[in-house]
Amino acid sequence: MDLFRRKSVTDLQAEAASDQGLRRVLGPANLIMLGIGAIIGTGIFVLTGTVAALNAGPAVVLSFVLAGVASIFAALCYAEFAALVPIAGSAYTYGYATLGELFAWIIGWDLVLEYGLAATTVAIGWSGYVVSFLKDVGITVPPAFSAAAGSTVTLADGSTITAIFNLPAVIIVALVTCLLVVGIKESANVNNVIVFIKVAVVLLFIALAAHAINPANWHPFIPPNTGQRESFGFTGVVAGAGVVFFAYIGFDAVSTAAQEAKNPQRDMPMGIIGSLLICTVLYIIVSAIATGVVPYAELNVPDPIAKVADRAGLGWVSSLIKLGAVAGLSSVILVQLMGQARVFYSMSKDGLLPPIVNKIHPKFHTPYITQIVIGIAVAIPAGFLTVREASSLVSIGTLLAFAIVSAGVFVLRVREPNLHRPFKTPFVWFVSVMGVLSSVYLMYYLPQRTWIRLFVWLAIGMVVYFGYGIRNSKLAKQPPR
């Protein structure tokens, strides 16, 4: 029983060239748009406010800088792998080629949780903005059906009720799932339109709200620590970086589309690095404006950017921002659900999950059965959980994936230095090591309960692997070379 058997890079390249199941229809612009679609979402429209109010104060700007730096290290490593091995499995496939099957399973199982809860979290944020926007136009969604089950909702007259479940969050997951079943090109086209709208809204917010900044709101820039590690002070800034890292899962999702890229050797590095740099700059600017216009303690609300627009006296622009958030969060859900299905697809192709998981629709050429099952699995918790309950767990999953990929690039450089690499991570001895260290450092500052939940999920994964995957692995059935 070889738990660390590896797939050779040449075999993976041959597999990518011969697999006709998924269509190669995405160019570099599509891939950059997919990345922006996934990165500009809950992080900018929701977490900017909650992290400022609970963790970092105005220094949420530094939280985004720290998370962005750690992401850039990982993104350069992802870009090398995505160009070298253009397979749909993302970090799962990269782990298989470098660290062996057990590590590949761990990271694949981790990605399942990461993408699923990311889509759940974003759907909950989407619900908050759509309910607020509909209220602006005179449509009221019953409070009992617009919040997490069991949560207390305060009505306009000051009375409270207990929510039953979050219906809008369930509806958006169902609609996006239907779109993804129809096709990747159609999904990418819809995503391009949505990304254009939400980036335009973000730029409009920056241009119009900047005049209302009161520099006094930035003092103290780093509020003194309250005695709890994650509450303000420098440790609060780092803890905030761990939470907002949730936003940077987007470029990981770009790498899952490698098998649908027209020219992955050229286009994948452009999609991954380009989308990350654009979004990091936007995050930093928006968080600076938000904390400059509204005192940070007041930003722990479901729609902080809309609140900033109201305080800046932007009038109708506030409703436009809510509409942009609704569109923007829709595209994040789309990319997350797409990414999770592609990871499942790759794991099933390797025999680690049952064959039905990689079944392709004869007309739409999408893994439709998996996509529908994932949609149901994401919609159910979206109806019952809060944003805060899911986002930290997504962050720790993302950071674990980034650490393993960063280590994998270095291992493969040592093991197979002569491979033709269309894109090479610069200063790999520094970038890969820093990718590991920065990811682990941010993981350390996440709450203990998040670690416990991660270990429970990984334990369930080990049961599945040793119960099914290890015996059905296609690599295990190959004759020794």
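Structure above, values below:
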| quantity | calculated |
| --- | --- |
| Of the criteria (1) surrounded by 19 or more Cβ atoms within 10 Å (Cβ to Cβ); (2) under 20 Å from the mean Cα position of the chain (by Cα); (3) closer than 26 Å to Gly57 by Cα, which one Val317 fails | (2) |
| For Ala17: the one exception among (1) at pLDDT below 80; (2) surrounded by fewer than 22 Cβ atoms within 10 Å (Cβ to Cβ); (3) not in a helix (DSSP H, G or I) | (3) |
| So Val378, is it at pLDDT 85 or above and buried (at least 24 other Cβ atoms within 10 Å of the Cβ) | yes |
| Qualifying position, being in a helix (DSSP H, G or I) and surrounded by fewer than 18 Cβ atoms within 10 Å (Cβ to Cβ), among Ile404, Ile360, Ile372, Ile396 | Ile372 |
| Subset of the stretch 442-469 that is surrounded by fewer than 16 Cβ atoms within 10 Å (Cβ to Cβ) and hydroxyl-bearing (Ser, Thr, Tyr) - its residue that is farthest from Leu412 (Cα to Cα) | Tyr468 |
| Any hit, the stretch 153-168, residues being modelled with pLDDT of 75 or more, assigned to a helix (DSSP H, G or I) and closer than 22 Å to Tyr115 by Cα | yes |
| For Leu99: the one exception among (1) surrounded by fewer than 24 Cβ atoms within 10 Å (Cβ to Cβ); (2) at pLDDT 85 or above | (2) |
| Contacts under 6 angstrom Cβ, first residue in the stretch 287-306 being more than 20 Å from Ala67 (Cα to Cα) and touching a residue at least 24 places away in the same chain (Cβ under 8 Å), partner of a type in the set (Lys, Arg) and assigned to a helix (DSSP H, G or I), 6 or more apart | Val293/Arg311; Val294/Arg311; Val301/Lys307; Ala306/Lys322 |
| Matching option when the condition is at pLDDT 85 or above and not basic (Lys, Arg), among Gly250, Gly240 | Gly240 |
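The values are calculated or read from the model by the stated rules, or taken from the named source; none is laboratory data. These figures come from a predicted structure and were not determined experimentally. When we count neighbours, we look across all protein chains shown, and the Cβ atoms used for this are built from the backbone with ideal geometry, even at glycine.
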